[in-house]
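Just so you know, all these numbers are worked out from the coordinates, no wet-lab data involved. From a predicted model like this one, the values you see are computed outputs, not experimental measurements. Positions of Cβ are backbone-derived with ideal geometry, glycine not excepted, and every protein chain shown enters the neighbour counts.
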Amino acid sequence: QVLLVESGGGLVQPGGSLRLACAGPGRTFSSLAMGWFRQAPGKEREFVGGISRSGRDDLPNSLKGRFTISRDNAKNTMYLQMMSLKPEDTAVYFCAAAPDVDLLRVRTLVSEYNYWGQGTQVTVSS
C-alpha cells in the first residue's frame, strides 16, 4: 500500500497564499505519477493539477497563473502553491498517486489514480 499525507491546509483571507504538501513513500515516490484534486460541498471532485514522474505538469486553464504544482523527489514530497485565493477555492484538497513506468505521463482523471490521501481542508474567508 501507498500512504499519502497532506499538510498545509487551514484558514486564509481572500487574496492570500497557501502552500500544500503531500508526503509520499520514500521507497517508491520517484516511480509515482502524482496529482491534486479538490471537492467542495455539493460538488463533484475536481481536478486541480497533475505532475508526471519527471516534473511535466498540467493544470486547468481556470487555475493557471494562480496555482503551481511541483515535486521534490529528494524529499519524497509534492507541493501545491496557491496564490490570490478566492472564497470559491474553499474545499477539501486531496493528494493522489499512481505507479507509472512512463516518465512523462500526466494523469487528469479520478479513475486514473490508485491511491489517495485523507484530504486537508482549505477555507478562504474573511
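Which GluC sites (Glu not before Pro) in segment 27-124 pass both tests, a DSSP loop state and at most 13 other beta-carbon atoms within 10 Å?
Values: sites: 44, 46, 88, 112; in loops: 44.
When the GluC sites (Glu not before Pro) of segment 27-124 are filtered for loop state and at most 13 Cβ neighbours within 10 Å, 44 remain.
What number, in percent, do you get for the relative contact order of the chain if the mean sequence gap of Cα pairs under 8 Å and at least 6 apart is divided by its residue count?
Details: 318 pairs, mean separation 46.5, N = 126.
Computed value for the chain: 37 percent relative contact order.
For segment 33-107 and segment 108-126, what is the centre-to-centre distance using only Cα atoms, to the nearest Å?
Comparing the Cα centres of segment 33-107 and segment 108-126, I get a distance of 8 Å.
Hey, got a sec? Which trypsin sites (Lys or Arg not before Pro) in segment 18-53 land in a DSSP loop and have at most 13 other Cβ atoms within 10 Å?
On the way: sites: 19, 27, 38, 43, 45, 53; in loops: 27, 43, 45, 53.
Within segment 18-53, the qualifying trypsin sites (Lys or Arg not before Pro) (loop, at most 13 other Cβ atoms within 10 Å) are 27, 43.
List, largest first, the extents of the alpha carbons of segment 1-62 along their principal axes, each in whole Å.
38, 24, 24
Which one of 59, 20, 103 has the biggest mean-square fluctuation once the chain is modelled by GNM with Cα springs under 10 Å?
Of the options given, 103 has the highest mean-square fluctuation.
Using only the Cα atoms of the chain, what do you get for the radius of gyration and for Dmax, in Å?
When restricted to the Cα atoms of the chain, Rg and Dmax are 13.6, 44 Å.
Using the crude model of +1 on Lys and Arg Cβ and -1 on Asp and Glu Cβ, and no other charge, please compute the dipole size for the chain relative to its Cα centre, in debye to 20. Before the final figure, lay out the partial values.
Values: 14 positive and 11 negative charges, 37 e Å.
My answer is approximately 180 debye.
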